[in-house]
Amino acid sequence: MLRFLDRFDLWATLKDAARATKRPRFVAVPYLGVDGAALLPLSRGDVLICALTEQNSKNGSVCPTEIAALQRRGVKAY
């Protein structure tokens, strides 16, 4: 089921949804800042789609080290 979330309780809702299934999880977020890897309980086989651009990296809205941390866990990042 596709579900769009707004800014209210976003991370809590994402964490609850990610923990609610044993299947591979597919998460698309526009931003992933510092501590984003800790906030998302993703693991091997899960997929993360995030807007990692040079601009987003420079302005801090997407932190490449957080994406790398998820990749070390076996998350496929796009």
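The values are calculated or read from the model by the stated rules, or taken from the named source; none is laboratory data. Since the model is a prediction, treat every value here as computed from it, not as a measurement. Backbone-built Cβ (ideal geometry, glycine too); neighbour counts: all protein chains shown.
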Original post:
Looking at this structure, is Thr65 modelled with pLDDT under 90 and polar (S, T, N, Q)?
Top reply: no
Subject >> Pair list, Cβ < 8 Å and 6+ apart or interchain, from the stretch 21-50 residues that are farther than 14 Å from Val62 by Cβ to residues that are among the acidic types (Asp, Glu) and surrounded by 13 or more Cβ atoms within 10 Å (Cβ to Cβ) >> reply: Pro24/Asp46; Arg25/Asp46; Phe26/Asp46
**OP:** Could you list, in sequence order, all residues of the stretch 60-78 that are in a helix (DSSP H, G or I) and in contact with a Gly (Cβ under 9 Å, 6 or more places away or on another chain)?
**Re:** Glu66, Ile67, Ala69, Leu70
Original post:
Can Ser57 be described as outside any loop (DSSP other than H, G, I, E, B), over 20 Å from Phe4 (Cα atoms) and either of a type in the set (D, E, K, R) or without any contact (Cβ under 8 Å) to a residue 60 or more places away in the chain (or both)?
Top reply: yes
**OP:** Tell me which residues, restricted to the stretch 1-28, are outside any loop (DSSP other than H, G, I, E, B), surrounded by fewer than 17 Cβ atoms within 10 Å (Cβ to Cβ) and at pLDDT 85 or above.
**Re:** Phe26, Ala28
